[in-house]
Structures are given as C-alpha cells and as structure tokens.
1. Would you mind telling me which numbered condition in (1) in a strand (DSSP E or B); (2) more than 13 Å from the chain's Cα centre (by Cα) Asn231 fails?
2. Of everything in the range 162-218, what is part of a strand (DSSP E or B), more than 30 Å from Leu252 (Cβ to Cβ) and not β-branched (Val, Ile, Thr)? Give them in sequence order.
3. Quick check: anything in the range 275-285 buried (at least 20 other Cβ atoms within 10 Å of the Cβ) and either assigned to a strand (DSSP E or B) or touching a Pro at 6+ places or on another chain (Cβ under 6 Å) (or both)?
4. Among the residues of the range 162-173, what is the count of those that are more than 22 Å from Val309 (Cα to Cα) and either aromatic (Phe, Trp, Tyr) or surrounded by 16 or more Cβ atoms within 10 Å (Cβ to Cβ) (or both)?
5. Checking Ile331 against (1) within 18 Å of the chain's Cα centre (by Cα); (2) part of a strand (DSSP E or B): exactly one of these is not met. Which one?
6. Got a sec? Which of Asn114, Asn158, Asn132 is touching a Pro at 6+ places or on another chain (Cβ under 7 Å) and of a type outside the set (Gly, Ala, Ser)?
7. Hey, Arg80 hits all of (1) outside any loop (DSSP other than H, G, I, E, B); (2) at pLDDT 85 or above; (3) surrounded by fewer than 16 Cβ atoms within 10 Å (Cβ to Cβ) but one; which does it fall short on?
8. What pairs can you find where one residue is in the range 296-311 and touching a residue at least 60 places away in the same chain (Cβ under 8 Å) and within 11 Å of His273 (Cα to Cα), the other is of a type in the set (Val, Ile, Thr) and part of a loop (DSSP other than H, G, I, E, B), and their Cβ atoms are less than 8 Å apart, with a gap of 6+ or different chains?
Amino acid sequence: MWITLLGKNCYDIIDSVSTNTFDGTRADFSSDFLSCNQAIVLPDVNYLNANGIFQVCGPPLPDTINRILGSCTTNPFESREYGFFTVNPILIYSLSAGFYRPSMLTPINFWVSNPATYTPVINAEISITIPNGVSYSSSSNNFSGTPSVSGNVITFSNINMNPNQIYSGTIWVLSDNNLTIGSVLCANMQLSYNSNTYTETSCDFVVNSYDPNMKEVAIDGQPAEGFVPANKTMTYTLHFQNTGNAPAFNVLIKDTLDTDLDISSFSYLGSSHPVYIRVDSTSRECRFYFYDINLPDSATNPQGSQGYVKFSVNQKPNLAPGTEIKNNCSIYFDTNPPIVTNTVTSIIQYPTSVAQSLAHTIQITPNPAKDKLFVQTSFDVFDVQILDVTGKLLLTSSSTKEINIQQLPKGLYFVKVSHNDIQKTFKLVKE
C-alpha cells in the first residue's frame, strides 16, 4: 500500500524515510520533521492498525490547535484525527462508444484520471473488450501507449500517472456489414491497479444513416430510453461531429437538465478533448466549452472530426411512476446556428407486477408489416408514435387502431403505444 503523509503545519513530521523505523502498524518519525505542505511517499508496507487506520507518531511538539503529537509508545495520532491520509488512489474512469454502423468505423473512447494530490499511479493496466461483430482497426491516446491486441481484447500496460493527471484514448473498430439494425453491442473496460480492479460497460445500438450530432442516455452501462427504475443515476453522452467543409475552432454545447434530475449531483465523466464546464443551478443549464479545439471537417478527417462529452446526474428521489425525464442539447460550431440533437426520454416505471399486467394488454400486428399496422389494446384512449432507429419521430396517431404505414421505407422502426402513464415499445420491421 502506498501511503502519503502531508505536513499540515510547518513543523510536522519527517523529511526522510531513511532514518526512520517501522513496526508494521506505526511509522516512527521521532527525529525528523516534514516541512510546510511537504509530502512523502512511504514504501509498499502496510501501516494500518487493526481498525484499518493509519497511525503516526513523533516528538511532543504542539500543533496549531495546542494538541501534542502523540507519543510513539502511548498515544499515536490516527490519520482520521490529525489530517494525515492513506492514499491508494481511487481512480476515476469512463468508457463511451458511439453508435455502431455497418461497414463503418466507430470510436470507443476511454478516460482515466488520478485525482490524488500527491501519489502517483504505477503500473496500471487498461483492457478493453470490444463487442462481437466488430474488429479492431486502430487506436490513439495522449500517453504514448502502444496496445497489445489479442482477439477482441485491447490492452494498454505499464501505465504510470502523476497526481491529477488525466489519460484518454480512442479505439476505432470496424463494424461488420451484416449487423442487425437496432441490436445492442456492448464494450467493456477493465482497469487494474495495485490489486484493485475497476470495470465499466458501454452499450450502444446498431444504427444506419443517422445524424452524428446526437444525445444518448444510459443507466449502469445499458441504454435507458423508455421505462427505467426510480432512484438511479443517469449517464448522458453528447456526441458531435464537424460535418462542415472547414475546421471548427470552438465548439459549445448547451444542455438544460430536466427538473426531475438533481443538478447538485452533476458529475463530469470524460470527454474527447479538453473542456471547460459551467453548471448553472438556477437555470439548470450545463455548458461545455471546447476552446481552440480545431476540429477538422468530416470530409478531410472522418475520425478526427468527432468528439464527445459524458456526464452523470442522479434522478430526484422517489419519482412517481410515469414521470418522464427528457433531455436534448444544442451544439454550436463557431458562430453557426445551433444543431439541436434528438431528445432522449426515460420514464419511471411502475412496480414490475403492475407494469407487466397493464402493458400486457397492448400488442401490434402484423410484424413484419407492409402497408397497415393494427394496434390491439383494451384502452379506448391511447397514443401511437412511430420512430426511426435514431429516435426521430416519423408518425403519430391518437386512438386509431388501424395505421397506414405504406409511406415508410423498408427498415426497422420503434412503435410506442401509450395510455396515460403506461407505455409499451415494440420493434417493427417494415417490409
């Protein structure tokens, strides 16, 4: 265990570990002092007592609140009392993939931060397992890491991070041309450091012909549009791409959070480029400023023209079943008018038994369908929405059990049938 001691005052303990002795639970620095705000990292030895607390002792000098630094034999100060701390850095990490498109490249972005103030990370390892149906193409990162590739596992080894350092990278994968539109592919990241293992999953739909400037929502790594549990953390990813014909010098994203989200719980999870963030708790607007991003256009550099930012925010406690949480964002490339993304909607679900009972009364036929779609339900009043795989609303109907879909091109669609707060979503194949 790496342990960092911080000198709170200008006469606190130690300036060297070479003259000190250790007894397994205490570090004895009786003859040394630590200068003001100086830090020292101890070797890989366990100094925790039976209660899991690090103890430190030294000469009987008063501190700024007139306490005596504990005697090494009778009264050592504990880390939780005196302001010293054990640092085995709890790394912050994130994984985010874009939508997968057949026969096209998709970025899988990862981001790792060492938030410790004084302690470095030594010999960490990042392993990313790409989903079946895609193949590894290339990678880039800001830490000069060269990955090893074994099947569908891409591994970056021997990663060393200074305190407050952020490492990020992108793995580009090529999707098979026979992927099923609407299916879900999941990438997994495993971060290993100092006998600890952290994992993250990012799942995204297979789509085709979509607007690259878009919004997606997830809970616990799974897509979270439609019905979701209450009292969960929502993870939002904002994707953007410069589809113009010249580089974008600056990118601004504005995102106003739904009133059913707890804005005080906002947490930044990562981004493709350095970003400045401003969160206004009054207006509920989050702004993401990518200054001097110099984002190339998609014709010149398809991979480099893309970016993203990812954050999480908690639902407000105990939201009522049927509560809708909606979110979209506006993306500004330089001084151009904003591009408004799709709106993602998450609906707090009823308790499982109630929801299943009510939703069971709703069905659609036939499926696949050619010209007409029929809604079977016991409700007299209901609404129908037909959306494409990007979430774009194409057709609506109210309390009509026979719907003409002849004008829709062949492909995969989502049909949402709702009655008050009860909703059921179907995948529809149009022949």
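1. It is condition (1) that Asn231 fails.
2. Leu174, Ser175, Leu185, Cys186, Asn188, Gln190, Leu191, Ser192, Tyr193, Asn196, Tyr198
3. no
4. Narrowing the range 162-173 to residues more than 22 Å from Val309 (Cα to Cα): 162-163.
Restricting the remaining residues to those that are either aromatic (Phe, Trp, Tyr) or surrounded by 16 or more Cβ atoms within 10 Å (Cβ to Cβ) (or both) gives 163.
Adding up the residues that qualify gives 1.
5. Going through the list (1) within 18 Å of the chain's Cα centre (by Cα); (2) part of a strand (DSSP E or B), Ile331 breaks only (1).
6. On the way: Asn158 fails: touching a Pro at 6+ places or on another chain (Cβ under 7 Å); Asn132 fails: touching a Pro at 6+ places or on another chain (Cβ under 7 Å).
Result of the check over Asn114, Asn158, Asn132: Asn114.
7. Looking at each condition in turn, Arg80 falls short on (2).
8. Gly307/Ile293; Val309/Val275
The values are calculated or read from the model by the stated rules, or taken from the named source; none is laboratory data. Owing to the predicted nature of the structure, the values given are computational and were not obtained by experimental measurement. All Cβ positions, even for glycine, are placed from backbone atoms using ideal geometry, and neighbour counts span all protein chains on display.
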